[in-house]
Every structure is written in structure tokens, then in C-alpha cells.
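Down below is the structure, laid out as C-alpha cells.
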Amino acid sequence: MAMTNRDGNGGEAKPDGEFDALIIGAGFSGLYQLHCLRDRLGLSARVLETADDVGGTWYWNRYPGARCDSESHSYSYYFSKELLDEWEWTERYPAQPEIMRYLRFVADRLDLRRDIQFETKVRACTYDEAENRWHVETEAGEHFVATYLISAVGCLSATNVPDIPGRDDFEGEWYHTGEWPHDGVDFHGKRVGQIGTGSTGIQAVPVIAETAGQLTVFQRTANYSVPARNGPLTPERKRWMREKQDEIREIIRSTPNAHPFRISETKVFDVDEDERRALMEKAWETGGLRFRACFQDLLTSKASNDVVAAFLKDKIREIVKDKETAEALADIDHPYAAKRPPIDTNYFETFNRDNVTLINLREDPIRRITPRGIRLKSGREIALDVIVFATGFDAMSGPLLRIDVTGRDGLTIQEAWSAGPRTYLGLQVAGFPNMFTVTGPGSPSVLCNMPVPIEQHVEWITDCIAYMRKNGISTIEPSEDAVESWVAHVNDCANKTLLPEAGHSWYLGANVPGKPRVFMPYAGGMARYRAICEDIVAKGYEGFVMDGGEGQAAGTRPADFTPAGAADQPGV
Ligand code: FAD
Ligand code: N01
């Protein structure tokens, strides 16, 4: 007897392997997308996930010190009062194990696991125009078919291990932080080398240093960091979080980057030097990403940014005792927060330990990895037992580009994005009907506290699919014109900020050799982005081409992206 899929809330049963919707990825995005399509629309849906559990980012990134830079009460789903009421965070910034527990709790509470197929890596997705179906193949050779394909593959899920000559000759152990062994790594007494001083590296250094015999940190680009001031949540704070859910929701939905605090309206030069200093000291004591909110114009005025950057560099010089090390750490070449600003627990302090050394790669770059360690251009060789690659990700476009996705007329995603990713709203790609991307390039995603854009994207996609089914629409995709307009708008928004000035940042794809340099996230602000998406729907899905229905604003080119009432505040 042919097997059939149990079909959500009453949809038609389908042959084995055939679904209304296939979702790739079981992180924050994929879990909520499954819930919406299955439990709200009653569609048959299946999630395909490489890992053997839910969690996404928090499944893979188990490196020492891994934790959030979003405050716990905002790094949560807000769509369900039950979930909010039933979960309690324990720290201001939850660590990786706690976030994993949270996502497992959500998956179990919503009974999602029965529609997730784990240990299943998607290899290829091909659109069949005659059938109007997506065919999905896995690495193991399984075959699935669906009407709607939703990529929830994440922005930071494709690891970037630099191709340093000799890497494969290394006789010790090496690990990338984004694919960390589940049973941990024992650093006791070992000579450890860590390459990379981004958010990840800055979290890992203090924890690795606690047990390593010797830790050598290889720094190519010096980075700012502000103390996280992490700590346990008091009972009063937990009660406040529970009682103020509605207010918190209102704030995270209305601030430009969806964090649970408002950005000051004061500009750096609105106040005199003493007051400015006092505001920065206060923000430094508050810690975390709230530091960035101490002035309104940090990312729109270079002169203002210079003031804050100088303050932060002086902090490094105050903390780090060895003068040469302090200067190398403070020799930062980009505006503060032009890269996602790291927050830390004792990062700079760790360089005062006897077992920690900084190598400034700007002065003496890595030449090769040898069987025994890392050799620098000067000829100096640092003997190592373990190398930790805290070298980041092929971000935003990388995870989807690692799948062979083929749309209409044989167009591949690799061809469509050969000059950089091109989307409409970060949600769809021209030539790929009925394929949706959650947090795709062109969405505000990584500039935000991400659960907020994730919920918005998922709900937008769900409403769109509901609209299509109600109106007998068989396909949706953006017009080339609409994509053109959106890409131009994304660039305009970025160029109004200092973000593109961090020339080597992953926002620009500059961290991956050969990747086109295009500013990928939408810097116009999450609140404005939400208003734009709503406006486009109100105008009959302006900019989208829909097939089969009637009365659509088929393919019209949006004149601009200035919906009434949307704040024109940069989303940074
Ligand atoms: P992911 O969590 O990345 O999930 C994507 C899933 O897709 C993965 O499980 C992956 O295995 C799966 N997948 C990918 N390709 C395939 C394939 N071909 N076949 C099958 N499965 C596939 N954001 C914040 O807002 N605040 C923070 O504090 C914060 N901290 C972070 C810390 C780290 C170390 C990192 C790396 C990111 C952090 N982020 C943070 C960003 C974080 O990625 C998002 O907050 C969020 O977890 C993304 O969820 P997602 O479901 O969209 O993607
Ligand atoms: O990655 P990164 P990440 N030789 O790309 C260096 C989120 N996140 O994993 O700047 C030598 O920022 C590279 O040097 P350079 C957050 O969104 C959040 O740290 O290219 N060095 C850089 O120092 C974050 O932005 C949290 O010169 C090399 C580092 O490796 C994003 O994830 C925690 C090199 C990579 O930094 C990515 O952060 C962690 C080479 N060949 C992550 N190649 C929190 O919420 C790369 N580098 C707290």
C-alpha cells in the first residue's frame, strides 16, 4: 500500500515525498515556518535539516563562550503568549546550551518534530515549470516534491575555513567554531592558536585561556568590544519580563534594529565634552549593545563615530597592561559598529594573563600552516597542538549558494547571483517561482535582533501563501524591475550610513575570497522594512508577478519605498 503523508489540519493526503511546502532548515526560522504552514494554514509541510536536532546556529556553534548578544527577553518568539509564559531565561545574555534548550522546548511544545526530517542535507532544488512543482534532492539521494519551497537555511550557517597553505598538513587538531564537536575540546595544558577576532573569537578567547597551557591569538583586524555585563536575572527582573511582554513587543517591533531598547535622540555634538564623556561612561557601565544606543548619530556621522571610537580605544589602552599588545588591539581601522559590534566578558583583560599572547598579523602575516603549527612571514614558527578557526562564515548568500537551486528556464541561483545576491525584499528571487527566502540577502536580518525579522518574514510568507490559495494563484515571483528597485534601495540605505566603510566585513561579502562585494543586509531599519512589506501587500503585492489569479498588480515597479508613517531612521 502506498504510504501517504498525514496532512496537518485536514489538507488532502499526498503520495509519499510530496508536500504542499518544503522548508530547508530547523533553526528559529524553519521551526516557526513549519508551525505557521502546518498549524495555521493546514498545509502538509516537511522540514529537511542537516543536523540531528533543532537549533540551527545554536546546534552548530558550541565553542567555548558561545552566547547571545541579544538580551534574553528579546531573543524569543513573541507570536505566542503561551511560549512566553512557559519559558524563563536565567541570564541577561543566554549561553548556547540555554538557547538550545529553548528551541527544543518550542519544538516539543508545538509538536514540530514529527514533521522534521533530521540528518537530511538538501543537495539540489529544481523548479519544474510544467508541473509547477519544486523537486528537492538530498545528499542521500532522497527525492521530495512540493508547491512551495522555503529556504530557512540561515545567514550564518556556511562556515568559512580559510584556505591557508599547509592546512591539511597540520598534525594537531583543528576546529572551526561553527562546527564545534558536541563533546567539547579539552584544552588543558595544550598550546592553542586561535585565528580570528570577530564576535566569536572575542567570546572564545577568555574561556579557552582558562584551561589552555598557552593561547596565541592571531589578529588580522583589530576590533572594538564593549563589556556585556552579563549576569543572572534576578527574580524581580524575571517578573518584569513576564509582566511587560506587551511593552517589550512594542519596543522590539518599533526600534530600527529590533532590540529591546530605544536609541538616544541625542547626537554626539549636541552636548559638551563633559556630558558626552559622562554619557559614554554610563553606556560603558550598562554594557552590551546598549552602548551603541548612547547617541543617535553613531553610524551616520563619521565625526561622531570618531569620538566614540577614540573612547573605546582608550578603554583598551587602560585595560591591557603590555603597551605593545594594547596598541595592536587598539589599532582599529573601521568605524565603531560598522561591523556587528562584539560584546565580551573579560576579552581585553585576558591579554594580561601570562599564558596569552597576541600576534599582530598586520605586521607579520601568516605564511603557512606547518605540521607543527603556524609559520609567519618573518619565518617565526609558533608550535601548536590545536588551531581554532574563529574565521566566520560565507554569510547571507553562502548557505543557499551551496545548494544547486535551479529555477525557471534552467536559471541557477549561482547565475542569478553571479554579481552578488539580488532579491525583492530579501523574500524572493526573480526566476524562482514560489521559492521564498527567510532572512535572505536584502532583508534587515543580521542588522537586527533576529527573532523579530524572522517572525515578520515567516508571517509575511504565510499570509502570501494563504492569499495565493484563496485567490487561485498558482505562482508568485518578483519582477526584474522590482528586484532592480529593491537592490538600489538597499544600496542607498547602506550608503547613508558608515556601514560600507568596514571594507573587509562580511556584510559586504569581503571576507570570502572571490565573493562579489555587495552590501547585503537592508540598513533602512526593521520598522520601516515592516511598513514597506505591508504597503506592498496593500497595493496588491506590488512588484510581484502572480499567475492564475485576477486583479493583481502584476509586476508593477514600486516607485519608491517610503510608506506613510515609516520612520526614516537608519536601521543600525
Ligand atoms: P540558522 O539558525 O542558521 O538555521 C539554519 C539551519 O539550516 C541550520 O540548522 C542548517 O543546518 C540548516 N541548513 C542549511 N543548509 C541546509 C541544507 N542544504 N540542507 C538541510 N539543512 C540545511 N542573532 C541575534 O539576533 N542575536 C544574537 O545574539 C546572535 N548571536 C549569534 C551568535 C552566533 C555564534 C552566530 C553564528 C549567530 C548569531 N546570531 C544572533 C544570528 C543567528 O544566526 C540568528 O539569530 C538565528 O539563530 C538564525 O536562525 P535561522 O533559523 O534563520 O538560521
Ligand atoms: O566572524 P567574523 P564571527 N587569516 O567574520 C578573521 C554573529 N555572532 O564568527 O576582519 C586571519 O566577524 C577575520 O579577520 P578580518 C555576529 O553577527 C554573534 O566572529 O577579515 N584572520 C575576523 O577577525 C557576527 O558578526 C555573536 O581581517 C582571518 C574573524 O576571522 C557573525 O556571527 C557571537 C582569516 C572572523 O570574524 C560572525 O562572527 C558570534 C584569515 N585567513 C557570532 N579569515 C554574538 O551574538 C578570517 N579571519 C555575541
Strands (runs of 3 or more DSSP E) fully within the stretch 357-408 counting 3 or more residues that are within 16 Å of ligand 1 (Cβ to nearest atom) and assigned by TED's automatic domain parsing to the domain that holds residue 122
404-406
Would you mind stating whether residue 150 is modelled with pLDDT of 95 or more and in the same structural domain as residue 93 (by TED's automatic domain parsing)?
yes
If I go through the stretch 341-356 residue by residue, how many of them are part of a loop (DSSP other than H, G, I, E, B), buried (at least 20 other Cβ atoms within 10 Å of the Cβ) and charged (D, E, K, R)?
0
Can you say whether residue 541 is more than 16 Å from ligand 2 (Cβ to nearest atom), in a loop (DSSP other than H, G, I, E, B) and either of a type in the set (S, T, N, Q) or open to solvent by less than 20 Å² (accessible area, probe 1.4 Å) (or both), as far as the supplied structure shows?
yes
Just for helices (runs of 4 or more DSSP H) wholly inside the stretch 198-317: which have at least 3 residues that are crowded, with 16+ Cβ neighbours inside 10 Å and at pLDDT 95 or above?
199-211, 245-254, 273-286
How many of the residues making up the stretch 103-159 are part of a loop (DSSP other than H, G, I, E, B) and open to solvent by 20 Å² or more (accessible area, probe 1.4 Å)?
17
How about the stretch 481-512: which of its residues are assigned to a loop (DSSP other than H, G, I, E, B) and either touching a residue at least 60 places away in the same chain (Cβ under 8 Å) or within 16 Å of ligand 1 (Cβ to nearest atom) (or both)?
496, 497, 498, 502, 503, 504, 505, 509, 511, 512
Of the candidates 65, 42, the one satisfying the condition of being within 13 Å of ligand 2 (Cβ to nearest atom) and farther than 25 Å from residue 249 by Cβ is 65
In the list 453, 433, which residue meets the criterion of being closer than 16 Å to residue 531 by Cα, open to solvent by less than 10 Å² (accessible area, probe 1.4 Å), of a type outside the set (Asp, Glu) and in contact with a helix residue (DSSP H, G or I) (Cβ under 8 Å, 6 or more places away or on another chain)?
453
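The values are calculated or read from the model by the stated rules, or taken from the named source; none is laboratory data. As the structure is a computational prediction, the values presented were derived from the model and not from experiment. Cβ sites come from the backbone with ideal geometry, for glycine too, and all protein chains shown count toward neighbours. Heads up: the accessible areas ignore ligands, DNA and RNA and are worked out on the full protein's heavy atoms, side chains in. Shrake-Rupley method; radii C 1.70, N 1.55, O 1.52, S 1.80 Å.
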